[in-house]
Amino acid sequence: MLYQAYQLQSDLMSPLRLMAQAMGSAFMVPGTERTMLRQMAAAGEVFSRLRLTHSRPAYGIESVQIGEQRVAITERVAHTLPFGTLLHFAKDPAAGLPTQPPVLLAAPLSGHFATLLRETVRTLLQDHDVYITDWHNARDVALREGAFGLDDYIRYMMLFLQHIGPGTHLVAVCQPCVAALAATALLAEDDDPAQPRSLTLMAGPVDCRVNPTEVNRLATSKPIEWFEKNLISHVPLPHRGFMRRVYPGFVQLSAFMSMNLERHQQSFEHLYQHILEGRLDEAETIKTFYEEYLAVNDLPAEFYLETVEKVFQTYDLAVGQLHYQGRRVNPAAIRRTALLTVEGERDDICAIGQTVAAQDLCKSVRPYLKNHHVQTGVGHYGVFSGRKWNQQIYPRVRDSIHASLG
């Protein structure tokens, strides 16, 4: 009944939020800073923003600066499957750019949409031909499309790599690092031409036995049956995925927000003050962040439960027991793919040591094809967004990719 209760509450609150939004717009009169009118506008704006949305926000990447040239970007659907789309950020051919190496960016399926990696995409576009795994909201996938588990995530990744073709570079952020490593190993063992030329794993839970975080401890605090009984719901009407079993995105978001509740409360207090005092540019920055952060994506129940069990509880990949469709995944099969692992010094979601564990698993990769980077002064999100991502981490990712071209 969890999802049904949430849906009812959302439906009941919707008219109030619309009224608050209208009030915020109507009372936002220039020159009324710090007046009762502006207080009402600020309160209405903050209240209307305290809501979840369930549709993917736009990437909004219309162009990218390459050297002294501004190049137009067009989003194109390269391949689509029931639970995910291979989205291509195609550059304007009229720009006359030289051929750039193709990169598949594997986005997490963890309660947010792939647009959480918008800045990662924008940065990669400077030197690469970028694709992304654009995951669909499970509540919008009809029940007739069947289940979607960890094996399916790995299969989708292999299908997307095969669609892009030989010479593709794979970059995985956070949760999909396990699936990315598995897909690479399976393609390598089959000597498939689509095996990635380089593999970059960023802040991913390859071996959660190392330096366990609060997230890891939570995953091991209960048996998997508890997660299934307490966290899995059926999609209610009127959604297209009616009766599909999902791990609701609003539950995942609640868990994330509870970890830093005081910080989120302060952000909305700052939003109120910025609007009240007429600092609208600063208010817009906060609004933009929460438009993305409060857009939630439901996970298929099978994928969520298998990830909790196999990645966070029994550490299947790390102990050599991860299987794909009954076939054991063997990272030692990877020989020709360059490997870069990246970790953040202050990461409280995926701690230092959990991602670099991939270096030992890929024991057949020659030492000169392996690199590891620990970025000082960043937490989890700073590994793939922000100033240090752009100025210090990205150059290493770019150099790893381009060094493997020879």
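Key figures
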read-out	value
Any hit, the stretch 384-391, residues being part of a loop (DSSP other than H, G, I, E, B), closer than 23 Å to Asn216 by Cβ and under 20 Å from the mean Cα position of the chain (by Cα)	yes
Of all residues making up the stretch 180-197, the number that are within 25 Å of Thr307 (Cα to Cα), touching a residue at least 40 places away in the same chain (Cβ under 8 Å) and either out of contact with any Cys (no Cβ under 9 Å at 6 or more places or on another chain) or not in a helix (DSSP H, G or I) (or both)	7
Residues of the stretch 135-151 satisfying the condition of being under 23 Å from Lys310 (Cα atoms) and open to solvent by less than 20 Å² (accessible area, probe 1.4 Å)	Trp135, Asn137, Ala138, Phe148, Gly149, Leu150
Unique match (being farther than 26 Å from Glu119 by Cβ and either surrounded by fewer than 20 Cβ atoms within 10 Å (Cβ to Cβ) or under 21 Å from the mean Cα position of the chain (by Cα) (or both)) among Ala255, Ala301, Ala295	Ala301
Arg209 being outside any helix (DSSP H, G or I), touching a Phe, Trp or Tyr at 6+ places or on another chain (Cβ under 9 Å), in contact (Cβ under 8 Å) with a residue 40 or more places away in the chain and open to solvent by 20 Å² or more (accessible area, probe 1.4 Å)	yes
Top-ranked residue of the stretch 243-302 - restricted to ones that are assigned to a helix (DSSP H, G or I) and among the basic types (Lys, Arg), ranked as farthest from Leu143 (Cα to Cα)	Arg263
Checklist (1) under 14 Å from Ile66 (Cβ atoms); (2) part of a strand (DSSP E or B); (3) under 15 Å from the mean Cα position of the chain (by Cα) applied to Arg122, failing item	(2)
Where Pro331 falls short, out of the listed (1) closer than 30 Å to Gly146 by Cβ; (2) open to solvent by 20 Å² or more (accessible area, probe 1.4 Å); (3) in contact with a Cys (Cβ under 8 Å, 6 or more places away or on another chain); (4) not β-branched (Val, Ile, Thr)	(2)
Flag for Glu269 being acidic (Asp, Glu), at pLDDT 85 or above and over 13 Å from Pro300 (Cα atoms)	no
Filter result for Val378 (at negative phi, part of a loop (DSSP other than H, G, I, E, B) and either among the charged types (D, E, K, R) or crowded, with 20+ Cβ neighbours inside 10 Å (or both))	yes
The lone exception for Ile224 - which of (1) open to solvent by less than 10 Å² (accessible area, probe 1.4 Å); (2) in contact with an Asp or Glu (Cβ under 6 Å, 6 or more places away or on another chain) it fails	(1)
Only listed residue being more than 20 Å from Gly382 (Cβ to Cβ), open to solvent by 30 Å² or more (accessible area, probe 1.4 Å) and of a type in the set (D, E, K, R), chosen from Glu119, Glu68	Glu68
Scan of the stretch 152-179 for residues that are assigned to a helix (DSSP H, G or I) and either under 20 Å from Phe113 (Cα atoms) or open to solvent by less than 10 Å² (accessible area, probe 1.4 Å) (or both), ordered by number	Asp152, Tyr153, Ile154, Arg155, Tyr156, Met157, Phe160, Leu161, Cys177, Val178, Ala179
Qualifying residue in the stretch 93-103 (condition: in contact with a strand residue (DSSP E or B) (Cβ under 7 Å, 6 or more places away or on another chain) and surrounded by 22 or more Cβ atoms within 10 Å (Cβ to Cβ))	yes
Residue within the stretch 338-352 that is surrounded by 15 or more Cβ atoms within 10 Å (Cβ to Cβ) and over 20 Å from the mean Cα position of the chain (by Cα) present	yes
Test: residue in the stretch 352-361 that is under 11 Å from Leu201 (Cβ atoms), hydroxyl-bearing (Ser, Thr, Tyr) and not in a strand (DSSP E or B)	yes
Checking Arg144 against (1) part of a loop (DSSP other than H, G, I, E, B); (2) without any contact (Cβ under 8 Å) to a residue 24 or more places away in the chain, the condition it does not meet	(1)
Failed item in (1) among the hydrophobic types (A, V, I, L, M, F, W, C); (2) under 29 Å from Arg139 (Cβ atoms); (3) open to solvent by 40 Å² or more (accessible area, probe 1.4 Å), with Val356 passing the rest	(2)
Hits in the stretch 122-134 - residues which are in contact (Cβ under 8 Å) with a residue 60 or more places away in the chain and either closer than 18 Å to Tyr153 by Cβ or open to solvent by 20 Å² or more (accessible area, probe 1.4 Å) (or both)	Arg122, Gln126, Asp127, Asp134
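The values are calculated or read from the model by the stated rules, or taken from the named source; none is laboratory data. Treat the numbers as computed from the prediction; the structure is a model and nothing was measured. Glycine gets a Cβ as well: all are built from the backbone with ideal geometry, and neighbour counts include every protein chain shown. We work out accessible area using only protein heavy atoms, side chains counted, and drop any ligands, DNA or RNA first. Shrake-Rupley method; radii C 1.70, N 1.55, O 1.52, S 1.80 Å.
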